[in-house]
There are 2 protein chains.
Amino acid sequence: MTNNSKTLLYKTITDLTEISASSLDKLFEIANKRQLTKGETILKEGQICKNIMFVEKGYVRTFIDKDGTEINTDFTFEGNFTTNLKSLRSASSADNSIQAGEITTLYEFDKDKLLELYNVSAEIESFGRKLLEQLLIAQEEHTNLFKIYSPTERYQYLQTSKPEILQRISLSQLSSYLGIARETLSRIRKK
Amino acid sequence: MTNNSKTLLYKTITDLTEISASSLDKLFEIANKRQLTKGETILKEGQICKNIMFVEKGYVRTFIDKDGTEINTDFTFEGNFTTNLKSLRSASSADNSIQAGEITTLYEFDKDKLLELYNVSAEIESFGRKLLEQLLIAQEEHTNLFKIYSPTERYQYLQTSKPEILQRISLSQLSSYLGIARETLSRIRKK
DNA sequence: AAGTTTTTGTGACGATTATCACAGGTAAAA
DNA sequence: TTTTACCTGTGATAATCGTCACAAAAACTT
């Protein structure tokens, strides 16, 4: 696609890093726009993840199948990137799946094309590094939730720090993300 | 310090990424070797983290103070890097502390010097990106422990996937890292 | 609008875990 | 060796949470 400065993708990249118009063009050239219906699968367990995805609209849900039960490990909303880094990096089969939680628009960046761009443009590699930094900080914070807080406290933490997630994700989907049984989360919320 | 190919640091970097001798030299030039006694603090809560640390020997413990109780969020052993990325990146005060768990040798990389090298050498920035990838994959895996497994299963998981941590970290230190009370972990281990 | 599916609330119960208190053990220091 | 500090084990008890079962509510379909 062509560089469209009205997209959330444009805003997100330029907010994160300083980047020239030509590098930005290169990134947009390899971006593949895709429309998804609710429930449509982007990555399926066992497949090899081949791209990084940016959510322009809607959201996607990342989950692991444990003995037939789906455990949600992540929700990626508009303005954020997601992938299965482990699978992407080592071309190994993914242990999780990703699917759209709503009607979703996303941009896919092919791994190989992106790696080529890293070699061509230091700015683009710098963007990649900064994006990873951001993701790692968020992930560390999320992990610490489980070490520091009880289930009730984890829910309260979400209320103040990420209230939008509570409005868009159903209680049943949220419970596994917080490591709490659905029924328990229902009772916690009642208070 | 000068480039010493016998160090674990050398091996760790060259195993992770392809890098020229001159770039490697630049990295070693900004590396500051430091010896720590057991219990010595490297980063204290409230301070601003200014460098990335590589553990050449021994290990360091990262922890948060919660109402007077220390909760361990990470252990970094020989051959690994650590820092407080959030504090480092935004020059904000750290919400955790880092201290040596044994007599420890580490190499410190000053943030500003490293950022300069990123601009000078694409290889070095590429190294930074790959390192972050590795850290993020590990962190994601660690988070999922809490979502997928019960306390008992978490302990068993460590037994098979990271047995060295069980031998080097005391039960009391390990319990908060696994989100389990010390007494409960003692009982789990008995089986 | 009626029917179907999905989501949420709730009671009952059992299992797991946290907490408190203290004893014994181990390791480091004097 | 003795002292001191820290770490681990264990019992008792209470609190929390998970599981099962089912009803109610809400959200989609047709």
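The values are calculated or read from the model by the stated rules, or taken from the named source; none is laboratory data. Just so you know, these numbers come straight off a predicted model, no measurement behind them. Here the Cβ is made from the backbone with ideal geometry for all residues, glycine too, and neighbour counts use every protein chain on show. Accessible surface areas use protein heavy atoms only, side chains included; no ligands, DNA or RNA. Shrake-Rupley method; radii C 1.70, N 1.55, O 1.52, S 1.80 Å.
Out of the range A:114-134, which residues are within 8 Å of chain B (Cβ to nearest Cβ) and touching a Phe, Trp or Tyr at 6+ places or on another chain (Cβ under 8 Å)?
Selection gives A:Glu125, A:Ser126, A:Gly128, A:Arg129.
I need the full set of residues from the range B:135-158 which are within 12 Å of DNA strand D (Cβ to nearest atom), facing another protein chain (nearest Cβ under 8 Å) and open to solvent by 20 Å² or more (accessible area, probe 1.4 Å), in order please.
Listed by number, the list holds a single entry, B:Ile148.
Based on this model, can you work out whether A:Thr83 counts as under 13 Å from the mean Cα position of the chain (by Cα), surrounded by 20 or more Cβ atoms within 10 Å (Cβ to Cβ), within 13 Å of another protein chain (Cβ to nearest Cβ) and not small (Gly, Ala, Ser)?
Yes; evaluated as a whole, the condition is true for this residue.
Do the conditions hold for A:Thr69, that is, is it surrounded by 20 or more Cβ atoms within 10 Å (Cβ to Cβ), under 24 Å from A:Leu158 (Cα atoms) and hydroxyl-bearing (Ser, Thr, Tyr)?
Answer is no for this residue.
Across the range A:159-175, which residue is farthest from DNA strand D (Cβ to nearest atom) among those that are open to solvent by less than 60 Å² (accessible area, probe 1.4 Å), within 20 Å of B:Ile148 (Cα to Cα) and more than 14 Å from chain B (Cβ to nearest Cβ)?
Filtering first and then ranking leaves A:Ile169.
Name the pairs: first residue in the range B:43-61 and open to solvent by less than 10 Å² (accessible area, probe 1.4 Å), second residue of a type in the set (D, E, K, R), Cβ to Cβ under 6 Å, at least 6 apart or on different chains?
From the range B:43-61, the pairs are B:Met53/B:Glu108; B:Val55/B:Glu78; B:Gly58/B:Glu102.
If I filter the range A:176-190 for residues that are more than 12 Å from DNA strand D (Cβ to nearest atom), open to solvent by 30 Å² or more (accessible area, probe 1.4 Å) and within 14 Å of chain B (Cβ to nearest Cβ), do I get at least one hit?
no
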